[in-house]
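Enquirer: Sharing a structure below in structure tokens format, with a few things to ask.
The values are calculated or read from the model by the stated rules, or taken from the named source; none is laboratory data. As the structure is a computational prediction, the values presented were derived from the model and not from experiment. Neighbour counts are summed over all protein chains in view; Cβ atoms, including those assigned to glycine, are modelled from backbone coordinates with ideal geometry.
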Amino acid sequence: MPNAPHYPGRMSTTMESAHKPVGALVRHWRQLRRYSQLALAYDAGISPKHLSFVESGRARPSRDMLLHLAERLDVPLRERNALLLSGGFAPMFGEHPRSIRIWQACGSPSTKC
């Protein structure tokens, strides 16, 4: 979208960010939230080396790992879909407002509400 305004610190669209490497998206959100690799790794319960490998593309994160990191980084639901797409997984969150309310009420996609 050449005429779309660009806001610093915000991904332009879900589809545009889905074409970026998953590690670049994780790094973007980590830096946006002002986390060091060490702090995020500690908070997420993973090794700093694994997080570094994910960001550099040397390791391919699982779907659960991407969702876990996105939750720790407080990534908006729409952008979580972009992370999943970029990692080669199907999007999880629909555009319907009800799906967002259910996620927020349950706190987890695996929880039955």
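Enquirer: Being polar (S, T, N, Q), farther than 13 Å from LEU73 by Cβ and surrounded by 14 or more Cβ atoms within 10 Å (Cβ to Cβ) is true for just one of SER62, SER52, SER47. Which residue is that?
Expert: Checking each option against the conditions leaves just SER52.
Enquirer: Which condition number in (1) modelled with pLDDT of 95 or more; (2) out of contact with any helix residue (DSSP H, G or I) (no Cβ under 8 Å at 6 or more places or on another chain) is the one that THR13 fails?
Expert: The single condition THR13 does not satisfy is (1).
Enquirer: So, in the range 19-70, of the ones that are part of a helix (DSSP H, G or I) and of a type in the set (Lys, Arg), which residue ends up nearest to GLY88 (Cα to Cα)?
Expert: ARG63
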